[in-house]
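Structure, as structure tokens:
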Amino acid sequence: NSAGSWSPDGRQLALITFVDGGNEIALWDVNTRSIQRRIRVAGVGALANPAWSPDGESIVVTGLDGGISDLYLVNLQSGQVRQLTSDKYAALQPAWSPDGKYIVVSRSAGLGGAAKLQLHHVDGRSPIPLIRAPANLKTVGAAWSPDGRHIWYAGRMGDWQYNAIFPQYQLYRYDRETGTSTLMTNRYGSAFRPALSPDGRWLVYGTREGAQTGLRLRELSTGEEQWLAYPVQRDEMESRAPLDVLPGYAFTP
């Protein structure tokens, strides 16, 4: 299975599992430690990065088929599936706004293009580009602040490169009110895949230390940091990282 997303009540995890030659969204019950429901998205070859809506009624997921990646919105009550995007090499790493009205996602114009964060309204309006310049700044792994004002993300110049020199990625915080980004890390081992606690107290992100990858924990009010887990699995900094630099992880509600 792939990295999961918590239901708002903390009782279930949405996972992607591979069953009988295809992918499914599996709803895993925390108490019974078993899968309670399986959901297939017809006509989509592979699924990744499920994200549960704040109201608990829907799950957005990335569907990949024949080199095309798009967002699909699954209504959990009706089972209806609605395609939100329709672009080649487009939609990766979706994240819901706290009010449930928007989904931010990294989208690229083609293979090798630097992905850019864009905001999608759940009713299907035209996407809103968040970060336009510089043109070759790759922006991935978005995470919302609990109040919805800020979007954290990892950025690097260009999609990827051979014989990469560190650092590759650093964390930035985009302010939706001012439309500006602020550099939030300065680690030689890079910084990527940010995750914020629901109370806004903690930040977790991936970084490289020596030859190993680990997760750092930062208390945002003081800036103090420590290792949360080290080492974890290898990162994908030295590849195109099509599904982000690390698999997702999430705080419990």
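The values are calculated or read from the model by the stated rules, or taken from the named source; none is laboratory data. The model shown is predicted, which means the values in this text are computed figures rather than measured ones. Every residue, glycine as well, gets a Cβ built from its backbone with ideal geometry; the counts of neighbours run over all protein chains shown. All accessible areas refer to the heavy atoms of the entire protein, side chains included, with ligands and DNA or RNA removed. Shrake-Rupley method; radii C 1.70, N 1.55, O 1.52, S 1.80 Å.
Hey, does segment 40-55 have a residue that's among the polar types (S, T, N, Q), farther than 22 Å from T252 by Cβ and touching a strand residue (DSSP E or B) at 6+ places or on another chain (Cβ under 8 Å)? No, every residue in segment 40-55 fails to be among the polar types (S, T, N, Q), farther than 22 Å from T252 by Cβ and touching a strand residue (DSSP E or B) at 6+ places or on another chain (Cβ under 8 Å). The numbered conditions (1) within 28 Å of P54 (Cα to Cα); (2) in contact (Cβ under 8 Å) with a residue 24 or more places away in the chain are all true for R218 except (2). Contact map, segment 133-155: residues that are closer than 13 Å to P94 by Cβ paired with residues that are among the basic types (K, R) and surrounded by 23 or more Cβ atoms within 10 Å (Cβ to Cβ), Cβ distance under 6 Å, separation 6+ or inter-chain. Pairs shown: G141/R193.
Which members of segment 120-151 meet the condition of being assigned to a loop (DSSP other than H, G, I, E, B) and at positive phi? Outline the logic, then answer.
In the first step, residues of segment 120-151 are kept if they are assigned to a loop (DSSP other than H, G, I, E, B); the result is 122-127, 130-136, 145-149.
Result: G124, G148.
Within segment 76-102, if we keep just the residues that are open to solvent by less than 20 Å² (accessible area, probe 1.4 Å) and in contact with a Leu (Cβ under 7 Å, 6 or more places away or on another chain), the residue that is modelled with the lowest pLDDT turns out to be A91. When each of N186, N163 is tested for being at pLDDT below 95 and more than 21 Å from P247 (Cβ to Cβ), the lone residue that passes is N163. Among residues that are at positive phi, more than 18 Å from the chain's Cα centre (by Cα) and in contact (Cβ under 8 Å) with a residue 12 or more places away in the chain, G79 is included. Residues in segment 126-151 that are surrounded by fewer than 17 Cβ atoms within 10 Å (Cβ to Cβ) and among the basic types (K, R) were compared, and the one that is nearest to T178 (Cα to Cα) is R149. When the test is whether a residue is within 29 Å of N136 (Cβ to Cβ) and touching an Asp or Glu at 6+ places or on another chain (Cβ under 7 Å), L196 does not pass it.
Which residues, counting only those in segment 31-57, are in contact with a Phe, Trp or Tyr (Cβ under 9 Å, 6 or more places away or on another chain), without any contact (Cβ under 8 Å) to a residue 24 or more places away in the chain and hydroxyl-bearing (S, T, Y)? The answer is S34, and nothing else.
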